[in-house]
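Since every read-out is calculated from the coordinates, none of them should be taken as a lab result. Treat the numbers as computed from the prediction; the structure is a model and nothing was measured. Using ideal geometry, Cβ is built from the backbone for each residue, glycine included, and neighbour counts are taken over all protein chains shown.
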Amino acid sequence: MNSLHPRIRIVWILRAIILGIVVGSIGLGLATVLEASPLVAVAVAVLVAVVGVSHAILRYRNWRYVVGEDAIYLERGVLTEIRTEVPLVRIQHVDSRRSAFERLVGLASTVVYTAGSRGADVTIPGLTPENADGLRKRLKQLVIDTDGEDAV
Amino acid sequence: MKLAPASIPYRAFQKATSLGITLVFVASIGAGIRLGSPEFLLLVAGILVAAVFYEIAYYKRFEYELTDDTFDLRSGVFSRREREIPYGRIQNVDISRNVLQRLVGLSAVNIETAGGGSTEAVIQYVSEFEGKRLQQDIRRYKRGESAESASVAEQSERRTDEELLFEIAPSELALSGILSFDPRVPGLILAVFTGSIPFVSPIVPVDGPPLVLVVVFAILLAGGVVLAWVVGAISAVINYWGFRLTRSDDELRYERGLLQRYSGTIPFDKIQAMTITDNPLKRRAGYATLAVETAGYAPGQASGRGSEAAVPIASRERVEGLANEIAPSDQPTFKQPPKRIRRRYLARYLIALGVITAVLYGLVVWLEATGTIPWYLLVVAVVLTPIAAHYKWVHRGYCLGENHLFTRNGFWSRETKLVAYYRIQTVIDTRTIFQRRWSVATVIADTAGSLSLLGTDAAAVDIDQQDAERLREELSERLRAALADRRRARSGGFEWLGEDGDQSPTAESADDQIGRPQPDDTDQNRLENEPADECADSEHTDSEHEVDDHQAVDGKTDHESDDQHNTDRDNSPGSTD
């Protein structure tokens, strides 16, 4: 079982804080328009940020993945724990992605697509760019080897 | 190949009509155009001529072709599109013909693959014969035969070997009409009604006594419901008129429709899942509904029509028999979630009831009508909650069959899903924070079926966490095994069967004589090499026996050991099932 790269926490925490700031500024705007106390808005924003940050930390702690011989297995989730098993035969294509935040901390994600309707795309975040590329290439090779002739 | 020449005037007429309607609409809302003026008539004539010219160009530039391994389509007047669809990727080939098209002998052909949001190849229109020929040729190419190899005699033979699986009886059609309720109608009425309030309000005695108002409202409501029901009934009867399902050796064929005739094919190996739906009333009367899912239809696209091969209503035995024909499987014995989970449902219902009562009480207090409205009456329903919880539990379960996963959920609308192991895309195991408290989990077998986009995947809900773990591993294991079997069956023919038994040479030569793959046979082989069936627990040997008998009569599958099977074959050399 692999965990994600620890730096992914920075990305998630940053996102939570930004969400808090956005909520806070909207709240402050509303408070000035409605001539209400800005304290409530600040409190809500802080609450959002705190919940977001703790969620990010827990999320990192619960994330596990493993690329097995014939399936990818992922375990994640804070409130709802989700374990997904993606058979390699079912993979349609693989992306590696780097969002702006991820580039900031030098990380990348790998996205695996299947033809399924619910788990149609599975993202493995928090990989180093080399790892993400390596994973993508390895998956590509495995998929070719397993002959996904009847993927749908 | 080209479209049918008759498609030019038909398409031009179609286009001109829709343009004309738009124009009349624009004129009617007062855009300064007078309907009778010579300018207007000139405009209409111009549009008609332009439409005819466009359609001639469309006809000239539309070409399709059946090559050895792809279906090619070249189309487009201004922007060209060239498309190649490999036969192996084609999910459905559908033909539809409305009344007008039937009069002039045209068919619209739609070819669906799993990818993309819309129909991949729309061929509007070809002659009726050409449509049928396309359907058959695509099927033949798919099997790897060339068009020439099939003689005319063989073609007629193939048509006769179609076996009727299901034909809707008049009583079933009537019943499906009676049970249909078009939910879109009340919304439409509401929209029309709110739009026409300025006209209606003078008639409705708004300032009359409240009783009159209530009566008027009730009459309107009842009228709306009746109308919705009538519209639903009529549309169901029109849609499912003459519904029949036939099977040829590797495909399911459906035909239905009164005004617009639909027909199409669904290859067996593209069926993603089957759903049998019923409700307490239908269960009591012994009826059920069946839907066959494929990956061909994009969400929303088939919304009006639903699953193409859906049996609207039929007796339970007929539906189960049909499901068994399409995917041979035994009667599932459902494993229910642990009993403790009933307490969770009970708690859930009690909380819901409490919330509703509290809201009601709040309303009553707010309206200052504490003495008049008996808000506490709802509390009586507490007596019913344990029963409801029990029934929810009773109707929930899953079962690992030989080739299929069965899941069942819901009391009011009970859905029994059947997913072949080799159709599973991913296996998802989720535990919400509440489920963790009861140490249960939900295991979802995700497929590429189109209905599952609405969130109704085959799911074993609230099963014990250890069971969930086991189920998840078992499902992936069986998926792998089923895929490996299929691959071997496809590439190695029947050689691999000889490895584990004494496959008789007579049977092999019998297969050779036929000279084309026998999907029935491979299915049979697969059946027998599957891991042991978990549904048939020791407590349930009776029903397993029944299934055996039934299938022995059918001559399709038998559940005996390999040796038994081979002896059977030895005794009847040349039998082709």
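Here are the numbers:
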read-out: Spin-label pair A:Thr128/B:Arg102, simplified geometry with 7 Å Cα→Cβ offset, distance in nm; value: 6.9
read-out: Violating pairs (Cα-Cα greater than 29 angstrom) within the set A:Lys140/B:Lys2; B:Lys2/B:Lys142; A:Lys140/B:Lys132; B:Lys270/B:Lys392; B:Lys282/B:Lys417; value: A:Lys140/B:Lys2; A:Lys140/B:Lys132; B:Lys270/B:Lys392
read-out: Cβ-based exposure ranking for B:Glu415, B:Glu84, in which fewest neighbours within 10 Å come first; value: B:Glu84, B:Glu415
read-out: Ellipsoid semi-axes in whole angstrom, largest first, where each is sqrt(5λ) of the Cα gyration tensor of the stretch B:73-113; value: 24, 17, 6
read-out: Cβ-based net charge around B:Arg11, under 15 Å, with every Lys or Arg adding one and every Asp or Glu removing one; value: +4
read-out: Per-residue HN-Hα couplings for the stretch A:74-88 [Karplus 6.51, -1.76, 1.60; θ = phi - 60°; Hz; x = Gly/Pro]; value: 10, 10, 7, x, 9, 6, 10, 7, 10, 10, 10, 10, 10, x, 4
read-out: Gain upon complete extension [B:Ala27, B:Leu377; 0.36 nm per residue less C-alpha separation]; value: 120.2 nm
read-out: Relative contact order of the stretch B:324-420, pairs being alpha-carbon contacts under 8 Å that are 6 or more residues apart, as %; value: 33
read-out: Peptide B:431-443, shielding by other chains (average Cβ, 10 Å cutoff); value: 2
read-out: Residue mean of other protein chain beta carbons inside 10 Å, A:74-85; value: 5
read-out: Distribution of pairwise C-alpha distances over the stretch B:352-449, 10 Å bins, in %; value: 13, 27, 26, 17, 12, 5, 0
read-out: Amide H contacts under 5 Å for B:Ala295, placed H, 5+ residues apart; value: B:Gln272
read-out: Cα→Cβ-extended label distance, 7 Å offset, between A:Ala36 and B:Met1, nm; value: 6.8
read-out: J(HN,Hα) series, the stretch B:285-293, from Karplus relation 6.51 cos²θ - 1.76 cosθ + 1.60, nearest Hz, glycine and proline x; value: 7, x, 10, 7, 10, 10, 10, 10, 9
read-out: Amide H partners (placed H, <5 Å) of B:Asn279, local residues excluded; value: B:Arg414
read-out: Extension gain, B:Leu188 back to B:Arg490 (0.36 nm per residue minus Cα-Cα distance, nm); value: 103.5 nm
read-out: Calculated FRET efficiency for the pair B:Phe334/A:Lys137, C-beta based, R₀ 45 Å, to 0.05; value: 0.55
read-out: Relative contact order, percent, the stretch B:376-451 [alpha-carbon distance under 8 Å, six or more residues apart]; value: 19
read-out: Mean Cα-pair separation over length for chain A, i.e. relative contact order, pairs under 8 Å, 6 or more apart, %; value: 21
read-out: Phi-based couplings in Hz for the stretch B:372-389 (Karplus 6.51, -1.76, 1.60; Gly and Pro marked x); value: 8, 9, x, 5, 6, 4, 4, 4, 4, 4, 3, 4, 7, 4, x, 5, 4, 4
read-out: Where Rh is the Kirkwood radius over Cα pairs, Rg/Rh for the stretch A:1-101; value: 1.16
read-out: The stretch A:62-143: C-alpha gyration tensor shape, a/c 1.5 cut-off, then a/b vs b/c; value: oblate
read-out: Neighbourhood net charge (13 Å Cβ-Cβ; Lys/Arg +1, Asp/Glu -1) for A:Leu14; value: +3
read-out: Residues A:Arg64, A:Arg90, B:Arg414, sorted so that the one with the fewest Cβ neighbours within 10 Å comes first; value: A:Arg64, B:Arg414, A:Arg90
read-out: Ordering of B:18-27, B:438-447 by packing [mean C-beta count within 10 Å, highest first]; value: B:438-447, B:18-27
read-out: Hydrodynamic radius by Kirkwood, which averages 1/r over all alpha carbon pairs of the stretch B:313-399, in angstrom; value: 16.5
read-out: Potential extension, B:Leu43-B:Val230 segment - 0.36 nm per residue separation minus Cα distance; value: 63.3 nm
read-out: Within 10 Å of each Cβ in B:468-481, the average number of Cβ atoms from other chains; value: 2
read-out: Relative exposure of B:Met274, B:Met1, judged by other C-beta atoms within 10 Å (fewest first); value: B:Met1, B:Met274
